[in-house]
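Student: Could you have a look at this structure, given as structure tokens, before my questions?
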Amino acid sequence: MSLGGAAAYAGWASGVVPFTWPAYVAVGVPVLVATAAVVRGGWHGAAAGPARTDSRSSWRALVPWVALAAVAAGLEAAALALGGRSAAVPTLSTVVDHALVWRLVRFALFCVWLAPVSTPALRAPSRGRPAAR
């Protein structure tokens, strides 16, 4: 998918009513595309160079992301324990809920979320040809 196609997709997806089947499809399709790329073993970061064959090095690359997710979940849990939906102690989810009222914010966040799937530098290089940089 090109960046223009991703932006058009994000424009459509940011306009669907939340928690409806079109919204689930809008989120599910990119998740399936990314999952298929990872399962196929062809997802390489722009600076990663050639594909690694050592599975341990692949798992090591995930450690910072898992740590970041754990910290975010911990902060969310602490904020919920300290105040929940209190205006004095907002959680990340309540801040995002208030920001998502505007379609432009939903569009921008959806574009950011789609970037890894739609950016050519992050897609798998084709077999037999070096990746374009």
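No lab work stands behind these numbers, since they all come straight from the coordinates. These figures come from a predicted structure and were not determined experimentally. Here the Cβ is made from the backbone with ideal geometry for all residues, glycine too, and neighbour counts use every protein chain on show.
Student: Output wanted: per-residue J couplings in Hz (rounded whole) for the range 91-99, from phi through Karplus 6.51 cos²θ - 1.76 cosθ + 1.60, θ = phi - 60°, x for Gly and Pro.
Tutor: Values, residue by residue: 8, 4, 5, 6, 5, 5, 4, 5, 6 Hz.
Student: Beta carbons within 10 angstrom, averaged per residue: use that to sort the peptides 28-37, 95-104, highest first. Please list the in-between numbers first.
Tutor: Numbers: 28-37: 13.5, 95-104: 10.9.
Top to bottom by mean Cβ count within 10 Å: 28-37, 95-104.
Student: Also, I was wondering about something else. At a 10 angstrom cut-off on C-beta neighbours, averaged per residue, how do the peptides 3-15, 58-70 rank from highest to lowest? Spell out each step's value before the answer.
Tutor: Numbers: 3-15: 15.6, 58-70: 10.4.
Order by mean packing, descending: 3-15, 58-70.
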